[in-house]
Amino acid sequence: MVAAQKFNMKQIYDVLIEESPKVSWRYLLHRNLARPRALFTTWMLCHGRLPTKDRLTKLGFIQDTVCSICQNDAETTAHLFFNCRRLKEIWQAILDWIEVTHTPQELTRELHWLLQSISKKGWKAKILKLAFSETIYSLWQLRNATVFDSSYKENTINSIVNSITYRGWKDKSIRKHLARLMM
């Protein structure tokens with residue numbers, strides 16, 4: 001008679017980790033202080049799975065591909081988050097607030113710049129990761145509010161700043177820097 005083996009979760013975890021592909025943006029989500037829904041939206045963005053109009057058109061759900069925010073170009077992930085004139089202004093305001101000199105670029109360049117910027121340890125990298133995820137989430141919420149409610153929220157920048165401050169305040173290493181930014 002064969003003795004039953006004892007269940008070992010660590011062995012299963014190790015097998016799953018070995019088989020999962022390493023993605024370049026994994027450190028963007030690792031130890032990020034953003035809310036879980038912001039992290040999930042960022043994960044969806046990085047995987048190219050957000051249901052933007054161009055993606056919904058390819059899947060056969062809708063016909064209209066015009067950006068819901070600017071009404072100028074096709075609503076792709078790259079356009080919506082990094083090229084749309086209105087949303088680019090919000091990005092720039094958040095970057096200015098956290099004192100980062102950078103102009104938002106197209107998606108792959110933006111992710112490359114971000115990954116280089118957060119590779120250094122320290123409070124600036126933590127705030128930048130947090131700001132990126134919270135901004136992605138808020139811009140996606142703004143897009144959805146525009147599509148479904150036909151409304152444009154004017155206080156998006158304040159909402160993002162409040163989220164960054166609230167979520168970041170829990171981390172003692174960046175608290176004093178957030179306090180300085182709020183002055």
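The values are calculated or read from the model by the stated rules, or taken from the named source; none is laboratory data. This is a predicted model, so every value here is computed, not measured. All Cβ positions, even for glycine, are placed from backbone atoms using ideal geometry, and neighbour counts span all protein chains on display. Calculation scope for accessible area: heavy atoms of the full protein, side chains included, ligands and nucleic acids excluded. Shrake-Rupley method; radii C 1.70, N 1.55, O 1.52, S 1.80 Å.
So what is the calculated 222 nm ellipticity per residue for the chain, using -39500 (n - 2.57) for each DSSP H run with n of 4 or more, over all residues, to the nearest 500 deg cm²/dmol? Walk me through the intermediate numbers first.
Numbers: 9 runs with 109 residues, N = 183.
Per the formula, -18500 deg cm²/dmol.
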Within the accessible area of the chain (1.4 Å probe), percent carbon and sulfur = 55 percent
Please determine, in degrees from 0 to 90 and to the nearest 10, the orientation of helix 172-182 with respect to the longest principal axis defined by the Cα atoms of the chain, where the helix direction is its Cα long axis.
-> 0 degrees
Angle between the chain longest axis and helix 107-118 axis [Cα atoms, degrees, rounded to 10] = 60 degrees
Given labels modelled 7 Å from the Cα in the Cβ direction, how far is it in nm from F61 to V23?
-> 1.8 nm
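Which of the three applies to the range 84-183, rounded, prolate or oblate, going by the alpha-carbon gyration tensor with a ≥ b ≥ c and a/c under 1.5 meaning rounded? It would help to have the intermediate numbers written out before the result.
On the way: a/c = 2.11, a/b = 1.36, b/c = 1.56.
The shape class here is oblate.
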Compute the acute angle (0 to 90°) between the alpha-carbon long axis of helix 85-97 and the principal axis of greatest extent of the alpha-carbon atoms of the chain; round to the nearest 10°.
-> 70 degrees
The range 1-109: relative contact order in percent, alpha carbon pairs under 8 Å with at least 6 residues between | 14 percent
Given a 1.4 Å probe, how much area per residue of the chain is accessible, in Å²?
-> 62 Å²
For K120, list the lysines whose Cα falls under 28 Å from its own Cα; do not include residues on the same chain fewer than 8 positions away.
-> K22, K88, K129, K170, K172, K176
Structure-derived Cα extents along the principal axes in Å - corresponding label in [x] 57, 38, 29; [y] 73, 42, 32; [z] 71, 49, 29 = [z]
Relative to the Cα centre, what is the charge dipole magnitude of the chain, using +1 at the beta carbon of each Lys and Arg, -1 at the beta carbon of each Asp and Glu, and rounding to the nearest 20 debye?
-> 880 debye
